[in-house]
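Working notes, beginning with the structure itself.
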Amino acid sequence: MREDLLHFVWLYRKYPIDKLETNSGESIIVKSTGVHNYLSGPDFFNAKVELNGQLWAGNIEIHVKSSDWYAHNHQQDSNYDNVVLHVVWDNDVSVFRKDGAQIPTLSLKKYISLELIETYQSLFDSSNYKFINCEKEFNDVDDFLRNNWLDRLFIERLEEKSVFINQLLETTNNDWEQVLFLMLLKTFGSKINKDVFVELGKTIDFSIIRKLHEKPLELESLLLGQARLLDDDKEVDMYYKSLKKEFSYLKHKYQLNQLYETPEFFRLRPSNFPTIRLAQLSTIYSNNSNLFHMIIEQDHPNISKIFNSGTSGYWETHYNFGKTSKKSFKKISNSFLDLLMINTIIPLKFCYQRYQGKENNELLLKKMMSIKKEDNNIVDNFRKLHVPIKDAKASQSYIQLYNKYCVKDKCLECAIGASLMNIKV
């Protein structure tokens, strides 16, 4: 028995509603199951239950064994003082409040049908699936329910990304321009260097970036130098020498402290080398002032025009210092522009709208639906289930579904899993 099944049984009233009794023989009528709480504290808030004709309003706590009350030290937590009913599978000990009063206990063992338990167990039988627990029944779910759930998952994913953005706002005293700079660094760093690039951004007072607008050599030397990509004492070539000289001046002038570690090149395609990504970002900032206003505050920014500035001429024939390559204009690809929209611009717009009290989730949903879907293993596996994934909103929703529910076996907290349980039982 798992606690999530007991939550499901309580929430969806999968018990004989007119025959319930506490373990001490009091009749129980559930007037309201309460509000499901996924955070700390009792499992359901503001429930209403009638015990022997007396109406009680308060919270519900659910455990597999009643002794879990003491195992979790709820007897010492004032958040549990207002629990009016303890719902358990196995009532192995009596539970008392601080004042010595016994908390009424409902044991569900004798009320849950064998069919429901077998349905639940089959959902987690690994022999029945290769990818996710409900893959065989996934398409049995009503389209309207699934689409509504996917919309909620997309917003939930934005909420999670907002946590990092809000942390950056706190450390930068709500400097939205600097937060955008750090978020762009995170995306330009890709999966391999995202954390190092963010730390790089934190080593630079953003006022310096503002001062170096329209000074591409200085700005490029600043980013590459802070990333310790100009630490080689050898004279690699003249361009390297000029960047190193410029960075030495900036480092002394602004009393800069460099990163402790250098970005990673290994496992990266040349177009994703940190040298290229930092050169691209320096060009963007040297060509554009007040970037936050241009891409976040405006409803329909020309993202391609803003971000496709390329690099300085040196990088058109280089991926790294001193090694000449075939000439190519190092502009940002369309797929990378899509990633910028998905991982930086849309989440920042979401947070900024909330900050202003002007939420417009519909607009963000429509914008995401105009972006191509992502290509990764999660999306590919859902498509093998004949699930239509046509755009980035859908791919982001399915990534959230897989990472936060499917992998963690939180099927009964998922609208799709809960719906399948209701269909089959």
Once you order the gyration tensor axes a ≥ b ≥ c over the Cα atoms, which shape class does the range 3-112 get: rounded for a/c under 1.5, otherwise prolate or oblate by comparing a/b with b/c? rounded
With label points built 7 Å along Cα→Cβ from the Cα atoms of K191 and S94, find their separation and express it in nm. 5.7 nm
Report the extension gain between S328 and S370 in nm, rounded to one decimal, defined as 0.36 nm multiplied by the number of residues separating them, less their alpha carbon distance. 12.2 nm
Please list the three semi-axes, largest first and in whole Å, of the ellipsoid equivalent to the range 282-364, using sqrt of 5 times the eigenvalues of its alpha carbon gyration tensor. 32, 13, 10
On the first, second and third principal axes, largest extent first, how far apart are the outermost C-alpha atoms of the chain in Å? 89, 50, 40
Compute the distance in nm between two label points, each set 7 Å from the Cα along the Cα-to-Cβ direction, one at E50 and one at S126. 4.8 nm
Loop-resident sites, the range 304-335, for chymotrypsin sites (Phe, Trp or Tyr not before Pro), counting at most 11 other Cβ within 10 Å (DSSP): F329
Max mean-square fluctuation residue, GNM over the chain, Cα-Cα springs under 10 Å, options K367, K410, K327: K327
Please compute the modelled spin-label separation between I155 and M294, points set 7 Å along Cα→Cβ, answer in nm with one decimal. 3.3 nm
For the chain, whose charge dipole is built from +1 on Lys and Arg Cβ atoms and -1 on Asp and Glu Cβ atoms, the candidate among S66, I132, V88 with its Cα farthest towards the positive end is I132
Of the chain, which part is the longest with no GluC sites (Glu not before Pro) in a loop (DSSP not H, G, I, E, B) and with at most 14 other C-beta atoms within 10 angstrom? 1-213
Once the convex hull of the C-alpha atoms of the range 197-319 is built, how many Å³ does it hold per residue, rounded to a whole number? 120 Å³
Within straight cross-link reach of K367, meaning Cα distance under 12 Å, which aspartates and glutamates are found once same-chain residues fewer than 8 apart are removed? D299, D338, D391
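The numbers here are math on the coordinates, done by the rules we state, and not lab data. The structure displayed is predicted, hence computed values, not measured ones. Ideal geometry is used to build each Cβ from the backbone, glycine not excepted, and the neighbour counts take in all protein chains shown.
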